[in-house]
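Trainee: The following block contains the structure, expressed as structure tokens.
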Amino acid sequence: MYFPYLHGKQKEVLALRHLAPTLGPEGQVQPIVEPVRQAVTSLRHTLEACEAHRQQVWLVVNPLRQDFEHLPPLQALDWGRNLFTSLPQRQWIHPTLMLGPALTPEVVRRFVHIFGTRPVGVVVGSDAPPLADVMALLARVPVRRVFFKDSAPAPLARAAAGDAGCVWIEERRLPEAQQLRTQERHFFSDRHLGFGANGEVGFSDYTTLPSRPDVPELSSRTVSFRLSYLHRDRPEPGAVWIEHFMGGRFASDERGADARFQHALQSFRKALDRRDSCFGPTEAVRRYLSSMIDRTPPSRALSKQWEVMHHLELMSGVLAGRFPTAFPALVPAALLARSAQAQVEAVVAPQGD
């Protein structure tokens with residue numbers, strides 16, 4: 001099982017909403033959602049879509065970051081309770097308690113009072129109180145999963161979790177140096193290949209996004225978009241890599257931004273023909289190719305949403321056995337032909353076009 005850690009930002013919320021009809025039936029992805037905005041409308045719509053398609057979600061109901069940073073812990077929990085109880089149906093949405101430095105026994109008891117009869121989760125964050133102490137307060141609550149940030153759970157922590165399945169949320173860092181961060185391809189993860197053999201209930205990371213919601217993204221003048229893919233050869237067959245699709249060097253005006261993105265799309269189109277790579281094809285792959293055909297690049301925000309959509313569907317498809325069916329991916333021939341024609345047209349188009 002894959003437990004991607006999402007921060008409830010708009011691009012992540014919309015990505016999950018659009019994919020719920022696919023992820024739910026496959027049953028291989030269970031997102032952990034830690035909201036960072038107090039506005040609930042978009043998040044509520046997404047949770048309702050997940051519920052409708054039996055897509056399990058672990059919802060942090062006492063958020064700590066950004067909009068919640070200065071809220072008293074009990075007030076943050078009340079926000080989560082109001083969001084949870086506003087859902088018409090909530091069989092597949094699991095309340096999850098965040099353990100942080102501000103957590104008090106009073107907050108835990110309040111959590112038990114509100115959600116104690118439901119299957120729940122726990123996230124062990126930075127500077128959290130001892131897990132054994134918290135689990136003692138949750139003794140009569142059906143805790144199903146304990147998620148560990150920062151580092152893998154130590155034997156004492158696993159023992160404290162009892163019968164709950166333990167999952168390590170790994171921070172898959174991008175290379176730190178700027179020149180390395182923008183290399184076209186680099187290894188991301190191979191955790192999906194062996195977690196079951198080790199008796200683990202699943203694996204987790206922050207998808208292809210930074211582990212903190214306030215970390216700035218790479219400049220769009222350098223990288224137009226990045227996508228995960230399955231590498232056939234190294235370091236193990238089927239490992240997940242990330243490829244950055246570069247925008248090239250163009251003018252800084254709006255026409256230059258569109259030209260940079262078209263350049264990146266052309267690089268992506270070529271990548272689909274590589275014998276060592278499988279990009280799915282996912283719904284996001286189809287959307288990128290369609291934008292190339294129509295010569296209407298997505299906005300920066302929409303492209304980031306597609307990136308998240310792509311990674312979630314790729315991992316779901318891998319675990320469900322839907323990907324890879326071939327190297328390269330079996331992108332519909334008609335779509336490939338149209339995108340190839342668009343690629344030719346872009347090369348021969350007049351400079352001012």
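Trainee: Surrounded by fewer than 17 Cβ atoms within 10 Å (Cβ to Cβ), closer than 30 Å to THR282 by Cβ and either modelled with pLDDT of 95 or more or not assigned by TED's automatic domain parsing to the domain that holds HIS311 (or both), is that true of ARG44?
Mentor: Criteria met by ARG44.
Trainee: Within the stretch 147-186, can you find the residues that are at pLDDT 90 or above and of a type in the set (Asp, Glu)?
Mentor: Those that are at pLDDT 90 or above and of a type in the set (Asp, Glu): ASP163, GLU170, GLU171.
Trainee: Let me ask something additional. For the stretch 102-127: of the residues being modelled with pLDDT under 95 and closer than 20 Å to TYR5 by Cα, which is surrounded by the most Cβ atoms within 10 Å (Cβ to Cβ)?
Mentor: Selected residue: GLY125.
Trainee: So which residues in the stretch 145-154 are part of a strand (DSSP E or B) and in contact with a Gly (Cβ under 6 Å, 6 or more places away or on another chain)?
Mentor: ARG145, the sole residue that qualifies.
Trainee: Can you pull out every residue in the stretch 299-319 that is surrounded by fewer than 17 Cβ atoms within 10 Å (Cβ to Cβ) and either in contact with a Ser or Thr (Cβ under 8 Å, 6 or more places away or on another chain) or not assigned by TED's automatic domain parsing to the domain that holds ASP258 (or both)?
Mentor: Listed by number, the list holds a single entry, ARG300.
Trainee: Then there's this: Filter the stretch 24-40 down to residues that are under 16 Å from the mean Cα position of the chain (by Cα) and of a type in the set (S, T, N, Q) and give me whichever is surrounded by the fewest Cβ atoms within 10 Å (Cβ to Cβ).
Mentor: Applying the filter and picking the extreme gives GLN28.
Trainee: Could you figure out which of (1) within 14 Å of ILE93 (Cβ to Cβ); (2) at pLDDT below 95 isn't true of GLU69?
Mentor: Single failed check for GLU69: (1).
Trainee: Looking at ASN198 and the list (1) closer than 27 Å to MET309 by Cβ; (2) outside the structural domain of VAL57 (by TED's automatic domain parsing); (3) polar (S, T, N, Q), which single condition is not satisfied?
Mentor: (1)
Trainee: State yes or no: is PRO332 at pLDDT below 90 and more than 28 Å from ARG191 (Cα to Cα)?
Mentor: yes
The values are calculated or read from the model by the stated rules, or taken from the named source; none is laboratory data. As the structure is a computational prediction, the values presented were derived from the model and not from experiment. In this analysis, Cβ positions are derived from the backbone assuming ideal geometry, glycine residues included, and neighbour counts consider all displayed protein chains.
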